[in-house]
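Undergrad: Below is one structure. I have some questions about it.
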Amino acid sequence: VVKLVMRQGMRLAAIGTGLGLGGAFFATRLLSSQLFGIGPFDPLTFAGVTLVIALVALLACWLPARRASRVDPMVALRAE
């Protein structure tokens, strides 16, 4: 159960992160004049933000997965 919930949640997080990175690369052209102290395509910033988002998504998937794994299977089947 945990593996199923985690796989589904992290797949959505990976798609969202990929689309967000693509949008961020295009948005840096528009916002490059407003950046101070970093370059518009700073790889450390992009990697750091991606890592933080991935960790938050992992935690957000793990908490419901852990809760779902504690439910008695017979109770879950009766509820369906």
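FYI, it's all coordinate maths here, none of it is from the lab. All values reported here derive from a predicted model rather than from experimental measurement. Cβ: placed from backbone, ideal geometry, glycine included. Neighbour counts: every protein chain shown.
Undergrad: Could I have the simple spin-label model distance between residue 77 and residue 53, label points 7 Å from Cα toward Cβ, reported in nm to one decimal?
TA: About 4.1 nm separates the two model spin labels.
Undergrad: What number do you get for the range 41-80 when its Cα radius of gyration is normalised by 2.2 N^0.38 Å, N = residues?
TA: That works out to 1.93 for the range 41-80.
Undergrad: Shifting gears a bit: With viscosity set to 0.890 mPa s at 25 °C, what whole-number translational diffusion coefficient in µm²/s follows for the chain from Stokes-Einstein and a Kirkwood radius over Cα pairs?
TA: D, rounded to a whole number, is 163 µm²/s.
Undergrad: Could you work out how far helix 43-69 tilts from the main Cα principal axis of the chain, as a 0 to 90 degree angle to the nearest 10?
TA: That helix lies at roughly 10 degrees to the long axis.
Undergrad: Could you give the angle, 0 to 90 degrees to the nearest 10, between helix 2-31's Cα long axis and the longest principal axis of the Cα atoms of the chain?
TA: Roughly 20 degrees, rounded to the nearest 10.
Undergrad: Write out the trypsin sites (Lys or Arg not before Pro) in the chain meeting two conditions: DSSP loop, and at most 15 other Cβ atoms within 10 Å of their Cβ.
TA: Passing sites in the chain are 70.
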